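Beneath this line is the structure, given in structure tokens, with notes to follow.
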Amino acid sequence: MEKTALESNAAAMVAPSKGILAADESSGTIKKRFDKIRLESTFESRRAYRELLFTAPGAEKHISGVILYDETIRQKASDGRPFPELLAARGILPGIKVDAGAKALAGFPGETITEGLDGLRERLAEYRGMGARFAKWRAVIDIGGGIPTGFAIEANAHALARYSALCQEASIVPIVEPEVLMDGDHTIERCEEVTDAALTAVFDALFLHRVHLEGIVLKPNMVIAGKKCAVQAAPQQVADATLRCLRRRVPAAVPGIAFLSGGQSEADATLHLSLMNRGGKLPWQLSFSYGRALQQSTLDAWRGEASNVTAAQKTFLRRARLNGLARSGAYEAAMEQAAA
């Protein structure tokens, strides 16, 4: 793909008022979510749930792309159309998760390395043929006693860069996701320190691998205190710390940043994004790429019942609309009650 085409797709992924739906849960992860609503996770129940999301009327107003899982990209809607075709017809870019998950990093207790580079070139070619226009690879950086080490950060940055170069070779926009986990009892200051180190390593590696920055989308964590930290930062503190870190480390050539929610509540993830988009002129679009923060209330409304599909779609659209408002800083916390 010409660089201009990569740039065009990357820009479309972070178009104003829109964001990305992360519907790439592995079979194990979606089973855990289905367990909470007492629904058996089967091929058909997973397919029906994804169809509910992908066919929600008006979703294209606030959803620019959808990250699919290997099973999902091969599934079809009730009318026989493959999901990537259904999404593309609505002006929503289909994407695909391509990593094989975070595995223990040998010699470094408590740290992980994301696997999946072997055979990736061939898999990307297949996914491209199936309609995928972007991909996702998640690196996981945990904070704890003595971790992360510099080596773990560098190893994950190298893998992210290799993946990104292969994606662009295959005419696919890479979502670059270095996630600093919000598990643990670390302070917001410690999160900022680690996020800063991770972003520095990632962009150094992308440069060395000759990745075209105008043709990527960054998917970072927000700078936030660990869930077990005794002092939780106020929303404006999260917004300020995150913007400070991004301004220092993310080149202006990157077209957009699509935050992961990382275990935040739906309302918190939306509020933090809105506050950041009030932070003055920025060189990149600030968007969202949420999984649970777009889907949790939708799952609760659906509960696997066909009779609940319409109500569940309305719930999903409400969350998508609120996050769309956050893209311009127009979302207010009070809107949660008004929208309910």
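The values are calculated or read from the model by the stated rules, or taken from the named source; none is laboratory data. Note that the structure is predicted; figures quoted are calculated from it, not measured. Note that each Cβ is placed from the backbone with ideal geometry, even for glycine, and that neighbours are counted across all protein chains shown.
When the residues of region 92-117 are narrowed to those that are part of a strand (DSSP E or B) and either within 18 Å of the chain's Cα centre (by Cα) or among the polar types (S, T, N, Q) (or both), which ends up surrounded by the most Cβ atoms within 10 Å (Cβ to Cβ)? Per the stated criteria, the residue is 95.
If you go through region 219-232 one residue at a time, do you hit one that is farther than 23 Å from residue 142 by Cβ and at pLDDT 95 or above? No, region 219-232 contains no residue that is farther than 23 Å from residue 142 by Cβ and at pLDDT 95 or above.
Of the helices (runs of 4 or more DSSP H) lying entirely inside region 220-337, those containing at least 2 residues that are among the charged types (D, E, K, R) and over 28 Å from residue 185 (Cβ atoms) span 309-326. Among the residues that make up region 80-92, is at least one of them at pLDDT 95 or above, closer than 15 Å to residue 201 by Cβ, of a type in the set (Phe, Trp, Tyr) and out of contact with any Gly (no Cβ under 7 Å at 6 or more places or on another chain)? Scanning region 80-92, I find no residue that is at pLDDT 95 or above, closer than 15 Å to residue 201 by Cβ, of a type in the set (Phe, Trp, Tyr) and out of contact with any Gly (no Cβ under 7 Å at 6 or more places or on another chain), so the answer is no.
The residues listed here are 211, 217; of these, the one that is more than 25 Å from residue 145 (Cα to Cα) and within 16 Å of the chain's Cα centre (by Cα) is 217.
If you filter region 30-56 down to residues that are over 22 Å from the mean Cα position of the chain (by Cα) and outside any helix (DSSP H, G or I), you find that the one that is surrounded by the fewest Cβ atoms within 10 Å (Cβ to Cβ) is 38.
Restricting 67, 37 to residues that are more than 15 Å from residue 138 (Cβ to Cβ) and among the β-branched types (Val, Ile, Thr) narrows the list to 37. For region 57-86, a residue qualifies if it is over 22 Å from residue 12 (Cα atoms) and not in a helix (DSSP H, G or I), and the qualifying residues are 74, 75, 76, 77, 78, 79, 80, 81.
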